[in-house]
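This report concerns only the one structure given below.
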Amino acid sequence: MSLARTAIRLPGFPAARSGSHRVPKNERLSPLKVALYLAGGLVVIVTYAARLPDVLALVVREAFSSRAIAGGSGGVAMLVALRYGLARGIYANEAGYGTAAVAYGTAASREPVQQGLHALLEVFIVSFVTSTISALVLLLTGAWQSGERGAGAVVLAFDAAMPGFGGWVVAFCVFLFGYTTLIGWAYYGEQFLEYILGPRVVTPYRWVYCGLVVLGATSKVNLVWAWGDLMNGLQIFPNLVGVLGLSGVVARLLREEEARERSVLPAQGGLA
């Protein structure tokens, strides 16, 4: 498994070392992985569409079962759900993480409001749409009862609908996720450190980052996830200070955009 993870991360070396030159390519790969995963998930859902009413009934029934009520009233189940939901959600959509501003800052656009709306749409697609499809494919195929967890369960679900091919779809999506994450995080760290310490830190940082890629690929998975969750959590706090401090600027830009749109609509009506 360590060799497999290392092999997946090897293509990230040239990308990490080349810095921001790879960001446009990463921009094209990210929609590809989402579209491919959504298409595969829809194939699974259509294949097992006859089971959909039973699955939806199962979701509603279990949500209001005595076991769910006991877990929610005790607080333990709720805390665990919140803990993993927030931790994994940050990896997927980076909402509240502070890195989205760095990514959208590279866009060739002079409309900050539109960029903000695009970011909101991204969070909706990644968090709601893809998560719902993942849940449905696991429930419809019965993969959730297989004992597998994470990507392994999704592989079983996709293979059930697309034997011999579905697992490769998931593997390719996981590869793209890992590759684009390596590029994105390398760029984020480079931009942060360059802003604080200057351009001289860029080259040493890239070499250190490449070394950490190998360390992460050969370490225990649980340790890597725990360390990543801890660092992500610590990064949120200073970002929240910036979010609160700039909230007035965001509100002003939104009001200006709304006023501009209101002024354009009557003019268009007159032309019509």
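Report yes if Gln114 is out of contact with any Asp or Glu (no Cβ under 9 Å at 6 or more places or on another chain) and either part of a helix (DSSP H, G or I) or of a type in the set (Lys, Arg) (or both), otherwise no.
When the stated conditions are applied, Gln114 does not pass them.
Condition test on Leu234, is it surrounded by 10 or more Cβ atoms within 10 Å (Cβ to Cβ) and in a helix (DSSP H, G or I)?
Spelling it out, it is not the case that Leu234 is surrounded by 10 or more Cβ atoms within 10 Å (Cβ to Cβ) and in a helix (DSSP H, G or I).
Thr218 fails exactly one of the following numbered conditions: (1) modelled with pLDDT under 85; (2) closer than 22 Å to Ala103 by Cα; (3) surrounded by 13 or more Cβ atoms within 10 Å (Cβ to Cβ). What is the number of that condition?
With respect to (1) modelled with pLDDT under 85; (2) closer than 22 Å to Ala103 by Cα; (3) surrounded by 13 or more Cβ atoms within 10 Å (Cβ to Cβ), Thr218 is out only on (2).
Pairs needed: first member in region 151-165, modelled with pLDDT under 90 and in a loop (DSSP other than H, G, I, E, B); second member anywhere, surrounded by 17 or more Cβ atoms within 10 Å (Cβ to Cβ) and of a type outside the set (Val, Ile, Thr); C-beta distance under 9 Å; at least 6 residues apart or different chains.
Phe165/Phe158; Phe165/Asp159
Please work out if Leu139 is in a helix (DSSP H, G or I), free of Cβ contacts under 8 Å to residues at least 60 places away in the same chain and touching a helix residue (DSSP H, G or I) at 6+ places or on another chain (Cβ under 6 Å).
no
For (1) farther than 17 Å from Leu32 by Cα; (2) surrounded by 15 or more Cβ atoms within 10 Å (Cβ to Cβ), each residue gets a yes or a no:
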position	(1), (2)
Tyr104	yes, yes
Gln115	yes, yes
Gly150	yes, no
Cys173	no, yes
Gly189	yes, yes
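If Gly41 passes every condition in (1) at pLDDT 90 or above; (2) surrounded by fewer than 19 Cβ atoms within 10 Å (Cβ to Cβ) but one, which one does it miss?
Among (1) at pLDDT 90 or above; (2) surrounded by fewer than 19 Cβ atoms within 10 Å (Cβ to Cβ), the lone unmet condition for Gly41 is (2).
The values are calculated or read from the model by the stated rules, or taken from the named source; none is laboratory data. Keep in mind that what you see is a predicted model, and the values were worked out from it rather than measured. Heads up, the Cβs are rebuilt from the backbone with ideal geometry, glycines too, and the neighbour counts pull from every protein chain shown.
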